[in-house]
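Here the structure is laid out as structure tokens; the discussion comes afterwards.
The values are calculated or read from the model by the stated rules, or taken from the named source; none is laboratory data. Here the structure is a predicted model, which is why all the values come from computation and not from measurement. Here the Cβ positions follow ideal geometry from the backbone for every residue, glycine too, while neighbour counts run over all protein chains shown. Accessible surface areas use protein heavy atoms only, side chains included; no ligands, DNA or RNA. Shrake-Rupley method; radii C 1.70, N 1.55, O 1.52, S 1.80 Å.
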Amino acid sequence: MPPEDMGKLSDKLRLTFAVSTVICVLALAISPLKDFRAEWKHYKRWFVKYAQGRPDTKKLLADYSPSIDQVWLPGMNVTDRCTTCHQGIAQPSLSDASVPQPFRAHPPIPHNVRDWGCSICHRGQGPATEVAEAHETTLAWEQPILPAHFLQASCGSCHQTDLKETPQLARGRELLTHLNCQACHKLNNLDRPTLGPDLSSIGYKLTREWIYKWLKEPRTILDKDGNATVNGYENEDEPRMPKFRLKEDEIRALSAFLSAQKAKPIEKYKINPAVVAAWSKKPDLLSQGELRFRQMMCTTCHSLAVTRAGETKMIGGNIGPELTKVGSKVNEEWLVAWLWNPKGYLEHSNMPRYGWSDEDLYKVSQYVMNKLTDTDLLTNVPQLGAATEDEVKTGKRLFAEKGCASCHALSGIAPQKDFGPDLTALGAKNASELEFSKAKIEHNLVSYLQAKLQDPASVNPAARMPQYNWEQADLDAVTTALLSQTGPAPTSALQHLVVPRKDASFQPVGTFAEIYERYKCYACHRFNGYGGTLAPDLSYEGSRAQKKWIADFLKNPQTIRPTLILRMPQFNMSDKDAAITAEYLSIAVQKPGVDPESVDSRQFSPAMISMGKQLYEVKYQCQSCHTIGGTGGYVGPNLNNAGNWLTPGWIEAWLRNPQALQPDTIEPRRNLTEDEIRALTAYLMTLRTGIQAQTTKSAARAHLLVQGAGR
């Protein structure tokens with residue numbers, strides 16, 4: 001290059017610089033335009049425009065800022081910009097459904113958004129400023145926003161105990177416990193699991209043919225035509241026994257192995273031959289057996305199939321197994337021994353031990369074995385014959401391999417540890433950590449859980465998990481409970497927010513402890529938070545009921561709550577057991593602050609009683625809900641015998657503030673004066689009818705019972 005051309009730019013280079021300059025200018029011009037059109041700024045401008053068209057404009061825009069809004073809580077690992085778009089989240093005036101999203105106010109909750117942020121409950125990508133990035137799964141973020149239907153799962157991450165505001169979560173936890181999911185999986189924040197029956201001596205109870213049919217289709221026992229009208233064993237929406245993917249030879253082997261299990265001989269009970277000889281000749285033996293079956297309120301815990309107007313329905317309780325076809329299931333010798341002493345066969349059974357007479361035991365057992373049957377039940381079961389040594393050996397191996405020992409105890413076979421995967425942090429997993437196989441579902445955690453629960457093989461063909469049959473509501477509940485299993489809190493601040501679960505317990509002492517266990521009081525009643533919910537909570541029974549009434553009631557249970565038609569069974573309790581129970585309850589289970597002897601009923605004057613009657617009938621019209629003398633409403637308890645049943649101290653405390661004694665009661669709090677409380681108590685204490693002995697005639701009028709709860 002000549003010296004005179006040094007430092008000069010070529011035309012090509014000049015053109016390059018010119019084009020580059022134009023591009024830079026355009027980029028600089030586009031950048032502000034792009035920023036102006038940012039999605040979050042669009043929502044900001046829209047909110048201002050919307051607020052300006054409302055009468056509360058000044059209030060809505062008081063804290064408005066045109067920049068990005070951010071909640072930063074480093075201790076909780078929260079960085080949220082959600083309120084940048086959700087401008088009205090904390091504005092009560094924007095709670096109406098007519099307010100457009102995303103400006104509608106958040107429904108009332110105990111947590112303030114400024115103190116908690118949004119993503120700690122709703123999940124999603126908090127720092128994002130675009131809807132898709134904040135709500136959905138992206139290449140850089142795999143935790144999408146949690147669908148509103150499963151939002152209660154977030155409550156469960158901190159609240160290890162159940163809340164009344166989260167019924168779906170509570171139901172899911174209940175099902176995980178009821179179905180004994182903890183037997184195979186590690187899970188947090190659940191009640192103690194309830195195991196399946198001990199199978200160590202199942203050979204005394206069932207035939208090989210029945211076991212075969214049950215293993216083939218545990219959801220229901222089909223009739224000879226393949227119709228599934230009743231279960232024949234369990235009457236639950238979600239039966240505890242799932243369906244395993246078993247081949248024909250595996251079912252044969254397992255049925256052979258189980259039918260050979262006779263580890264502990266049953267404690268046989270021989271009914272007095274004179275009773276058998278006398279009753280076996282009576283034509284009304286079975287009808288009398290059915291009558292006694294109903295008198296003893298067996299359907300409070302067990303369900304039966306009944307046909308009315310051509311429609312078959314299940315009625316009764318679900319604490320124990322269904323009994324519709326139990327006569328075609330169990331051996332008669334086993335049934336008699338079981339009814340006489342359930343604990344002799346199954347140590348931890350919830351079946352109470354009744355005080356049977358030989359006459360009652362014979363009548364009821366004959367009714368069960370001859371009327372609760374289906375002669376066609378096992379028609380389609382193949383001829384199995386006697387179990388061979390090879391079948392038993394194979395069945396034993398399968399029992400262990402299929403995880404049966406995780407739910408069922410069996411002598412000589414220990415449950416496998418960690419049979420299923422650890423699920424304590426399942427709710428926090430990313431989609432990339434899950435196995436979807438060829439399942440045609442969305443690749444997110446909720447879809448995975450629902451597919452896995454409905455058909456485990458759909459997302460993992462080699463899955464050992466059996467198949468359950470779910471109602472949609474229960475499927476969603478279990479999904480919610482699993483989503484709440486998010487593992488340990490990631491920061492110390494979040495760890496301090498965890499509300500630990502309080503394990504309820506009730507440990508009776510003395511002679512009552514034996515009675516409590518014999519009659520399985522905890523199966524239906526709750527004591528200090530521990531026990532069942534079928535019948536009334538007895539945590540404060542000593543403050544509520546008079547000792548003599550308790551003893552009389554235990555010997556002859558009566559109807560107190562007319563609309564709650566499952567009744568306490570008639571245990572034929574002895575005078576001694578009833579007296580011990582009444583004494584213990586009167587002393588040991590009382591409400592602090594409610595002294596049953598604090599009010600002396602002798603001070604009630606005729607004038608007070610008359611005033612109380614007027615208040616009851618005229619001013620407050622209590623008869624709208626309560627019955628006295630055969631008239632009145634059926635919402636509340638029958639008060640015919642209130643004077644013998646309730647203590648005056650309890651009546652006064654209840655009238656003063658019923659919710660303080662029973663938070664979920666529907667009894668209204670009327671803000672009565674002290675004079676009114678005393679007068680109403682005086683009147684109620686005059687209501688005395690006594691407990692009448694149950695007669696055969698009255699029991700014969702009783703219908704088979706439908707599901708409910710009562711005493």
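Out of all the residues in region 123-155, which are under 28 Å from the mean Cα position of the chain (by Cα), among the small types (Gly, Ala, Ser) and open to solvent by less than 50 Å² (accessible area, probe 1.4 Å)?
Ala153, Ser154
Determine, yes or no, whether Thr161 is in contact with a Lys or Arg (Cβ under 9 Å, 6 or more places away or on another chain), surrounded by fewer than 20 Cβ atoms within 10 Å (Cβ to Cβ), free of Cβ contacts under 8 Å to residues at least 60 places away in the same chain and of a type in the set (Val, Ile, Thr).
Working: in contact with a Lys or Arg (Cβ under 9 Å, 6 or more places away or on another chain): yes; surrounded by fewer than 20 Cβ atoms within 10 Å (Cβ to Cβ): yes; free of Cβ contacts under 8 Å to residues at least 60 places away in the same chain: no; of a type in the set (Val, Ile, Thr): yes.
Criteria not met by Thr161.
Go through region 135-163 and report how many residues are in a helix (DSSP H, G or I), among the hydrophobic types (A, V, I, L, M, F, W, C) and in contact with a strand residue (DSSP E or B) (Cβ under 7 Å, 6 or more places away or on another chain). Don't jump to the end; show me each part of the working.
Residues of region 135-163 that are in a helix (DSSP H, G or I), as a first pass: 135, 148-150, 152-158.
Those left that are additionally among the hydrophobic types (A, V, I, L, M, F, W, C): 148, 150, 153, 155, 158.
The next check asks that each one be in contact with a strand residue (DSSP E or B) (Cβ under 7 Å, 6 or more places away or on another chain); those that pass are 158.
So the count comes out to 1.
Specify which of the listed residues (Thr559, Thr627) is under 25 Å from Met351 (Cα atoms) and either among the hydroxyl-bearing types (Ser, Thr, Tyr) or in the same structural domain as Met296 (by TED's automatic domain parsing) (or both).
Selected residue: Thr559, the only one of Thr559, Thr627 that is under 25 Å from Met351 (Cα atoms) and either among the hydroxyl-bearing types (Ser, Thr, Tyr) or in the same structural domain as Met296 (by TED's automatic domain parsing) (or both).
Check every one of the helices (runs of 4 or more DSSP H) wholly within region 565-651 and list those with 3 or more residues that are without any contact (Cβ under 8 Å) to a residue 24 or more places away in the chain.
606-614
Could you say which residue among Ser432, Ser505 is among the polar types (S, T, N, Q), over 16 Å from Arg123 (Cα atoms), open to solvent by 30 Å² or more (accessible area, probe 1.4 Å) and assigned to a helix (DSSP H, G or I)? Spell out the reasoning first.
Numbers: Ser505 fails: assigned to a helix (DSSP H, G or I).
Of Ser432, Ser505, the one residue that is among the polar types (S, T, N, Q), over 16 Å from Arg123 (Cα atoms), open to solvent by 30 Å² or more (accessible area, probe 1.4 Å) and assigned to a helix (DSSP H, G or I) is Ser432.
Could you check region 666-710 and list, in sequence order, the residues that are open to solvent by 80 Å² or more (accessible area, probe 1.4 Å) and at pLDDT 85 or above?
If the condition is that a residue be open to solvent by 80 Å² or more (accessible area, probe 1.4 Å) and at pLDDT 85 or above, then Ile666, Arg669, Arg670, Asn671, Glu674, Asp675, Arg688 are the ones that fit.
Would you mention how many residues in region 39-61 are in a loop (DSSP other than H, G, I, E, B) and either surrounded by 10 or more Cβ atoms within 10 Å (Cβ to Cβ) or touching a Ser or Thr at 6+ places or on another chain (Cβ under 7 Å) (or both)? If you could, list the steps in order and put the result at the bottom.
Filtering region 39-61 down to residues in a loop (DSSP other than H, G, I, E, B) leaves 53-56, 61.
Next, only the ones that are either surrounded by 10 or more Cβ atoms within 10 Å (Cβ to Cβ) or touching a Ser or Thr at 6+ places or on another chain (Cβ under 7 Å) (or both) stay: 54, 56, 61.
The number of residues fulfilling the criteria is 3.
Within region 565-574, is there a residue that is more than 21 Å from the chain's Cα centre (by Cα) and among the basic types (Lys, Arg)?
Scanning region 565-574 turns up at least one residue that is more than 21 Å from the chain's Cα centre (by Cα) and among the basic types (Lys, Arg).
Can you find even one residue in region 283-298 that is basic (Lys, Arg) and farther than 16 Å from Leu335 by Cβ?
Our first condition is that a residue be basic (Lys, Arg); within region 283-298, this holds for 292, 294.
Still in the running and farther than 16 Å from Leu335 by Cβ: 294.
Yes, there is a match, as at least one residue in region 283-298 is basic (Lys, Arg) and farther than 16 Å from Leu335 by Cβ.
Give just the number: which of (1) modelled with pLDDT of 95 or more; (2) more than 28 Å from Ala682 (Cβ to Cβ); (3) open to solvent by less than 40 Å² (accessible area, probe 1.4 Å) does Ala579 not satisfy?
Just one mismatch for Ala579, condition (3).
So, of the residues in region 542-551 that are open to solvent by 50 Å² or more (accessible area, probe 1.4 Å) and part of a helix (DSSP H, G or I), which turns out to be nearest to Leu661 (Cα to Cα)?
That would be Lys547.
Which ones in region 71-126 are in a strand (DSSP E or B), in contact (Cβ under 8 Å) with a residue 40 or more places away in the chain and not aliphatic (A, V, I, L, M)?
Thr79, Asp80 - these are the residues of region 71-126 that are in a strand (DSSP E or B), in contact (Cβ under 8 Å) with a residue 40 or more places away in the chain and not aliphatic (A, V, I, L, M).
What do you reckon, is Pro32 closer than 25 Å to Asp115 by Cα and more than 47 Å from the chain's Cα centre (by Cα)?
no
Any idea how many residues of region 389-415 are out of contact with any helix residue (DSSP H, G or I) (no Cβ under 7 Å at 6 or more places or on another chain), of a type outside the set (A, V, I, L, M) and either at pLDDT below 90 or assigned to a loop (DSSP other than H, G, I, E, B) (or both)?
Number satisfying all stated conditions: 5.
For region 351-366, state whether one or more residues are over 33 Å from the mean Cα position of the chain (by Cα), basic (Lys, Arg), under 15 Å from Ala253 (Cβ atoms) and crowded, with 16+ Cβ neighbours inside 10 Å.
no
Given the criterion surrounded by fewer than 17 Cβ atoms within 10 Å (Cβ to Cβ), of a type in the set (S, T, N, Q), under 32 Å from the mean Cα position of the chain (by Cα) and modelled with pLDDT under 90, identify the matching residue among Asn231, Asn227.
Exactly one residue qualifies, and that residue is Asn227.
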